[in-house]
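Accompanying notes for the structure given below.
Every number here is computed from the coordinates shown, using simple stated rules; none is lab data. As the structure is a computational prediction, the values presented were derived from the model and not from experiment. Reconstructed Cβ throughout: ideal geometry from the backbone, glycine too, with neighbour counts over all protein chains shown.
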Amino acid sequence: MMPSKRFEEEKMRTRLVVVCFGLFAMLTVFTITAMAADMLAGTWKLNVAKSKYSPGPAPQSNTVKFEAVDGGIKLTANGVDSQGRKTHNEYTAKYDGKESPTKPMLDGKPNPNGADAVSYKKIDDYTYEVTTKLKGKPLTVARHVISKDGKTRTVTTTGTNAQGQKVNDVTVFEKQ
């Protein structure tokens, strides 16, 4: 009877090891998939020295937090513009290319020169395209490209600002 009990215990240990290994493998795959799908997620700080603004001037600072939501992203941005005024923006947008409302603030008041709608398209895990509009009129298209190591986000923005000036910005953000 003793060998039979030992055999059963060994079988149980083997099953436990197989189940644990399977769970670990599933968790690893899930984690890697989630990380790859959300490369934009995180807190990004503007590197003003590496960025170019046309027309200028550049803002003094900007920190953007992206949070992954079902099929899209939630943005919270805070900064200081070139004149020392506080800037703030928040919105949630899906990666479906459809417009979502946005209400940029300047010193705690609505910014009349800011976009009132934004749309996102996810090109791949490292590339996103963001279009802004004001009163239904397209303003800018920003192409966000995240480095393969996930530490740098370069945004190339073209179009026209609310004052009718051509925009050609290249901004560099570093993940915090």
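Taking amide H positions as placed 1.01 Å from N in the peptide plane, with prolines and chain starts having none, which residues 5 or more places from Asn111, or on another chain, fall under 5 Å of its amide H?
Hits under the 5 Å cutoff: Met105, Leu106.
Where does each of Ser82, Ser4 land when they are ranked from fewest to most other beta-carbon atoms within 10 angstrom?
Ser4, Ser82
Provide Leu16, Leu46 in ascending order of the number of other Cβ atoms located within 10 Å of each residue's Cβ, fewest first.
On the way: Leu16 10, Leu46 22.
Listing Leu16, Leu46 from fewest to most nearby Cβ atoms yields Leu16, Leu46.
Can you tally the net charge around Asn168? Count Lys and Arg as +1, Asp and Glu as -1, for every other residue whose Cβ sits under 13 Å from the Cβ of Asn168.
+2
Filter the cross-link list Lys135/Lys175; Lys45/Lys103; Lys52/Lys148; Lys109/Lys148 down to pairs whose alpha-carbon distance in this structure exceeds 30 Å.
Beyond 30 Å: Lys135/Lys175; Lys109/Lys148.
Taking a virtual spin label 7 Å from the Cα of Tyr53 along the C-beta vector, which residues in the range 93-115 bring their backbone nitrogen under 20 Å of it?
Residues 103-115 fall inside that zone.
Can you spot the aspartates and glutamates whose alpha carbon is less than 19 Å from Lys94's alpha carbon? Ignore those fewer than 8 places along the same chain.
Asp38, Glu67, Asp70, Asp116, Asp124, Asp125, Glu129
Which entry in (i) 55, 30, 26; (ii) 89, 33, 29; (iii) 117, 41, 25 matches Cα extents along the principal axes in Å derived from the coordinates of this structure?
(ii)
In the range 39-175, with Lys and Arg counted as +1 and Asp and Glu as -1 at Cβ, which of these residues, Ser54, Thr131, Pro110, has the Cα nearest the positive end of the dipole, that is, farthest along it?
The Cα lying farthest towards the positive end belongs to Ser54.
Against the longest alpha carbon principal axis of the chain, how many degrees, from 0 to 90 and to the nearest 10, is the axis of helix 2-37 turned?
For helix 2-37, the angle is close to 10 degrees.
About its Cα centre, what dipole magnitude does the range 39-175 give when the only charges are +1 on Lys and Arg Cβ and -1 on Asp and Glu Cβ, stated in debye to the nearest 20? Show your work: numbers first, answer last.
Numbers: 22 positive and 14 negative charges, 44 e Å.
For the range 39-175, the charge dipole is close to 220 debye.
Any chance you could run the full-extension gain for Glu99 through Thr43? It's 0.36 nm times the residue separation minus the Cα-Cα distance, nm to one decimal.
Extending this stretch completely gives an extra 17.8 nm.
If R0 is 45 Å, what FRET efficiency do you get for Lys11 and Arg143 from their C-beta distance, rounded to 0.05?
Efficiency for this residue pair is about 0.20.
As a footprinting exposure proxy, order Thr14, Thr87, Thr160 by other Cβ within 10 Å, with the fewest listed first.
Values: Thr14 10, Thr87 19, Thr160 14.
Exposure proxy ranking, most exposed first: Thr14, Thr160, Thr87.
With θ set to phi - 60° and the Karplus curve 6.51 cos²θ - 1.76 cosθ + 1.60, what are the ³J(HN,Hα) couplings of the range 159-176 in order, to the nearest whole Hz, using x for Gly and Pro?
x, 9, 7, 5, 8, x, 7, 5, 10, 8, 9, 10, 10, 10, 10, 10, 6, 9
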